[in-house]
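I have placed the structure first, in the form of structure tokens, so that the comments after it can refer back to it.
All of the numbers you see were taken from the coordinates with simple rules; none came from a lab. This structure is a prediction, so every number in the text was calculated from the model and none was measured. Don't worry about glycine lacking a Cβ; one is built from the backbone with ideal geometry, like all the others, and counts go over all protein chains shown.
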Amino acid sequence: MAEFLGKTVEEAIESGLKTLGVTKEEVEIEILEEPTKGFLGIGSKPAKVSVSVKKTDGQRAIDFLNG
């Protein structure tokens, strides 16, 4: 699981996908913070998302067998 920032939620997700080298179908996405504009740009905050790669059935089987 890794956290990514962006001006929008979609931009943060795209940043995560590009960094991890995966597609949207291969990950689980959790929106941690929505972006805020603040007043005249002061106090604005970027969007923050958590992106984690889904485990395949094979990976789950290996984890199970390893204990």
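For the stretch 52-66, does any single residue satisfy the condition of being in contact with a Gly (Cβ under 8 Å, 6 or more places away or on another chain) and either of a type outside the set (K, R) or closer than 24 Å to F4 by Cβ (or both)?
At the first step, the residues of the stretch 52-66 found to be in contact with a Gly (Cβ under 8 Å, 6 or more places away or on another chain) are none.
No, the stretch 52-66 has no match at all.
The criterion of being of a type in the set (K, R) and surrounded by 12 or more Cβ atoms within 10 Å (Cβ to Cβ) does not hold for K24. Counting only residues that are surrounded by fewer than 16 Cβ atoms within 10 Å (Cβ to Cβ) and β-branched (V, I, T), the stretch 1-21 holds 2 of them.
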